[in-house]
Amino acid sequence: MIRDEIIRKITVKPGKKVDLKDHETGWAQDDELKKAGEDQVKDAARKILDQNRLTLAESQELLWASGAYSVLIVLQGMDTAGKDGTIRHVMSGVNPQGCRVQGFKVPTQEELSHNFLWRYSKALPSRGEIGIFNRSYYEDVLVVKVHPEILDAQRLPPGKRDQKFWDRRYKDINAFESHLVQNGTVILKFFLHISKEEQKRRLLERLENKEKYWKVSPADLKERGYWDDYIQAYEAMLSNTSTSRAPWYIIPADFKWAARALVADVVSRKIQELDLKYPEVTKKQVEELKRSKKQLKLEG
């Protein structure tokens, strides 16, 4: 497992004002890691990822068998931050029947006829399931905040779209998550923190390879022009919605292997902390199973 002090470092304390300049995007999070060197840290990260894949597979079976909890993993980050790759690598050993990935496109007319949390509520994981939101209801305090003209389509009551408006949205989200946690949903929120330089490198890599053109759209490149606005929106989101029940984890994402190891470790340890057990079988059930076993053996 990753050292506790590293996990504490990437966890946003409730009520703390976040300045993303204070958070590294690379693999060297402290002096101990720097002293070890990139090769050694990378090798350790791969081993941690492999081990946590196995742990997650076992934990998922317990989660499903117990049927008391669900897990919601929220992934947010700038374009190219590695959300899709993180899902593929971290959850590769999990049974697809108990794990659902949900992405969210432009809202439909029906979705716009409801409050902004409605369409996300419908996609929540059932008890025993792991649900992954690749982007989430947080888009409504991120892209919508950077592009407030989007609010015009949301059919909201008249009123100012000032700071109080966004504060109310943060409170709505916190109340929504508090309700979910109270009813058995473990919420794990990850912000994949990539540097502007690394995003440029990844975008250019895609643009130089025709087979990767499908991953890039003119809109992605246009949104890069709002980088500073997005940073401010993310800082406000992290500052206002990291709670004791559902804290944010700021994951350094310039090196994909480091980001994946961190996400896998947090998910694995948080499910393990539930201390799940397989359901106990009653004496009556045991006797019935014994009779069924006997009948099976007698079959020709």
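Values as computed for the structure displayed
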item	result
Over the chain: helical MRE at 222 nm, DSSP H runs n ≥ 4 each giving -39500 (n - 2.57), nearest 500	-15000 deg cm²/dmol
The chain - share of DSSP beta bridges that are antiparallel (%, nearest 5)	5
Those lysines that a straight Cα-Cα span of less than 16 Å connects to residue 160, excepting residues fewer than 8 apart in one chain	145
Cα coordinate range in the stretch 115-226, projected on the principal axes (Å, largest first)	47, 41, 23
Helix 196-207 vs. the chain, principal-axis angle (Cα, 0 to 90°, nearest 10)	80
FRET efficiency, residue 108 to residue 219 (Cβ-Cβ, R0 30 Å, nearest 0.05)	0.95
Cut-off 15 Å between beta-carbons: net charge of the residues surrounding residue 213, Lys and Arg +1, Asp and Glu -1	0
Anisotropy class of the stretch 50-183 from Cα gyration tensor, a/c 1.5 cut	prolate
Largest to smallest principal axis extent of the C-alpha atoms in the chain, angstrom	73, 55, 43
Filter on 122/164; 164/189; 16/222; 47/270; 210/270; 9/277 - keep pairs with C-alpha separation over 29 Å	16/222; 210/270; 9/277
Projected-area mean, the stretch 112-151, by convex hull of Cα positions, square nanometres	3.2
Rounded if a/c under 1.5, otherwise prolate or oblate - the stretch 162-209, Cα gyration tensor axes	oblate
Between the stretch 194-231 and the stretch 8-33, the alpha-carbon center distance in angstrom	24
5 angstrom amide H check on residue 186, placed H, neighbours 5+ away	70, 71, 72
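Each value in this text was obtained by applying a stated rule to the coordinates, not by laboratory testing. On a predicted model such as this, the values are computed, not experimentally measured, just so you know. Glycine gets a Cβ as well: all are built from the backbone with ideal geometry, and neighbour counts include every protein chain shown.
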